[in-house]
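Rule-based calculations on the coordinates, nothing more; no lab input. These numbers were taken from a predicted model, which means no experiment stands behind them. Positions of Cβ are generated from backbone atoms using ideal geometry, with glycine treated the same way; all protein chains shown enter the neighbour counts.
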Amino acid sequence: MHEEILEQFLSRVVEAIGQNTFVRMTLSKPRSKRDELRNVYVKPVLIKGNRLYAFTYRYERRDEVKNYDAGQLSDVLKEMLPSRFLNAVLFTVTEDLTLLITSKGKATLQSKKVQENREQNLEHDKQKNRLINPANPWWYQLGLTTREGKVTADMQHKFKQICKYVEIVESLLKPMRFEGKVNIADMGAGKGYLTFALHELLTQRMNMEVDIKGVEIRPDLVQKINEIIRSSQLVGLEFVEGAINTFRPENLDVLIALHACNTATDDAIASGIKAGTQLILCAPCCHKQIRQEMERSGKVSPITQYGIFLERQAVMITDTIRALIMEYHGYKTQIMEFVEMEHTPKNILLVGRRVEKPIDRAAIASKISSLKQEYGIEQLYLETALGVAF
Ligand SMILES: C[S@@+](CC[C@H](N)C(=O)[O-])C[C@H]1O[C@@H](n2cnc3c(N)ncnc32)[C@H](O)[C@@H]1O
């Protein structure tokens, strides 16, 4: 029933390829609702001077791309039409040719001329001017991309976060001057996405010589990430197993701590301050210590009687006191909005840049102590970690 129409459709595809008028093609309407493959998109691409046809297989939660030459294309289509897809549209320079097959096997072919001739686009993957290149092999190994370097559907959100992060870091580092190799510690580095992104930004975009240590408490993660670093032959990046509060860097220019839980952020800030780093960058996460202290103090205000607001208040107070303690130690601080991570809705970035100018320590100390008094806080963990008390 449908064979003849299908043959006509395929011969028009071959014709479009031969006449160089093939713009793109879409396969849709999976025959089975249970099929995870939802669509296939085909477009011509030029790879090393050869014209190939890139098939993007769109599954529910990921994309896969395979390239075929013109000779293979018909066979690949025959495997899918109509056994997996019931509809196909061929877009040529001058027309849209639609193949519709019903589940009962009845087929029709409809042609519609386009108003204005289309152009072919032979770009492989649109080269966006990104600071991070997902085609770098470590991104596949870290699970962000397909083997072909395409960010998977699952990881699109993560990739956006990574890009936003490197944009912020680039803007912070650009005006800074470092002599020679830049020593960086990324405390609580986790699966390493942001640490690799930082390494890529600094070495490939900013041409800096770096020594980046990702400090992580989970040994399995450290081992896995170090294997990826080795196989990608990356220089100046290493994961170190250990707790943030026991990591003692000799020289440290930049301290990073992104989403290090609760007081692990304080440990990180303390080690940055002690090492006299030029830049401290942290995205604090779960402010339990101060929330508990505020609850214990019994100082309930009309605002903090509500659990959500108590939580938010604890975030603001903790990070304000952290910023003030950094100022006390000679840092100019800034609180910026960051991107939310999947494991926390917190999106605050606390930035401290060391400045060489006189500080009114007494005034800062008095601000800290009155804040503590007002909210019934005995001691912020950062004070303990630094051995100070306000
Ligand atoms: C929420 S993840 C954040 C990972 C990464 N920085 C990011 O933002 O995507 C926190 C990581 O810090 C690690 N971590 C927590 N406390 C730590 C500590 N005291 N010392 C070292 N690593 C710690 C955890 O094992 C986890 O991998």
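In whole Hz, with x marking every Gly and Pro, tabulate ³J(HN,Hα) for region 99-110 from phi via Karplus 6.51 cos²θ - 1.76 cosθ + 1.60, θ = phi - 60°.
So the Karplus estimates, Gly and Pro as x, are 9, 10, 10, 7, 5, 8, x, 8, 10, 9, 10, 10 Hz.
For a quick protection proxy, order the peptides 255-261, 382-388 by their average other-Cβ count within 10 Å, most packed first.
In descending order of packing, they fall as 255-261, 382-388.
Compute the FRET efficiency between E337 and K104 as 1/(1 + (r/R0)^6), taking r as their Cβ-Cβ distance and R0 = 51 Å, and round to the nearest 0.05.
Approximately 0.35, to the nearest 0.05.
Quick one: P(r) of region 36-182 from all Cα-Cα pairs, 5 Å bins, percents rounded to integers, in order of increasing distance.
Using 5 Å bins, I get a P(r) of 2, 7, 12, 16, 16, 14, 11, 8, 6, 3, 2, 2, 1, 0, 0 for region 36-182.
Taking 0.36 nm per intervening residue step and subtracting the Cα-Cα distance, what contour gain separates V114 from S369 on full extension?
Extending this stretch completely gives an extra 84.6 nm.
Cα to Cα, under 12 Å, and not fewer than 8 places away if on the same chain: which aspartates and glutamates meet these conditions relative to K160?
E340, E342
Given the options Q156, Q278, Q115, state which has the largest fluctuation in a GNM of the chain using a 10 Å cut-off (strictly under) for Cα springs.
Q115
Using only the Cα atoms of region 193-346, what are the Rg and Dmax in Å?
Cα only, region 193-346: 17.5, 57 Å (Rg, Dmax).
For the chain, restrict the atom set to alpha-carbon positions and state the Rg and Dmax in Å.
Looking at the chain, its Cα Rg and Dmax stand at 28.2, 89 Å.
Taking the highest mean first, how do the peptides 37-50, 286-299, 166-179 order by number of other beta carbon atoms within 10 angstrom per residue?
Ranking, from highest mean packing down: 286-299, 37-50, 166-179.
Given points 7 Å out from each Cα along the Cα-Cβ axis, report the F309 to Q223 separation in nanometres with one decimal.
5.1
Within region 22-155, how many lysine pairs that are 8 or more places apart, or on different chains, have C-alpha atoms less than 22 Å apart?
28
Along Cα→Cβ, 7 Å out, is where each label goes; now give me the distance between the ones at E238 and E60 in nm to one decimal.
For E238 paired with E60, the spin-label model returns 4.4 nm.
How far, in degrees from 0 to 90, does helix 264-275 lean away from the longest principal axis of the Cα atoms of the chain, to the nearest 10?
Approximately 70 degrees, to the nearest ten.
Determine the calculated [θ] at 222 nm for the chain from helices alone, applying -39500 (n - 2.57) to every DSSP H run no shorter than 4 residues and normalising by the residue count; nearest 500 deg cm²/dmol.
-11000 deg cm²/dmol
Starting from the Cα gyration tensor of region 125-233, take the square roots of the eigenvalues, sort them a ≥ b ≥ c, and report rounded, prolate or oblate (rounded when a/c is under 1.5, otherwise prolate if a/b is larger than b/c, else oblate).
The shape class here is oblate.
Roughly how many debye, to the nearest 20, is the charge dipole of the chain about its Cα centre, given +1 on each Lys and Arg Cβ, -1 on each Asp and Glu Cβ, and no other charges?
For the chain, the charge dipole is close to 740 debye.
Which lysines, if any, have their Cα less than 28 Å from the Cα of K357, not counting same-chain residues under 8 positions apart?
K174, K181, K274, K332, K367, K372
Taking 4 °C and 1.567 mPa s as the conditions, I'd like the Stokes-Einstein D for region 3-113 in µm²/s, using the Kirkwood hydrodynamic radius from alpha carbon pairs.
91
After finding the eigenvalues of the alpha carbon gyration tensor for region 271-341, what semi-axes result from the square roots of 5 times each, listed largest first in whole Å?
Each semi-axis is √(5λ); the values are 26, 14, 10 Å.
For the chain, build the charge dipole from Cβ charges (+1 Lys, Arg; -1 Asp, Glu) around the Cα centre, then report which of L144, L310, V45 sits farthest towards its positive end.
V45
Ranked highest first by the average count of other Cβ atoms within 10 Å around their residues, in what order do 191-202, 355-366 fall?
In descending order of packing, they fall as 191-202, 355-366.
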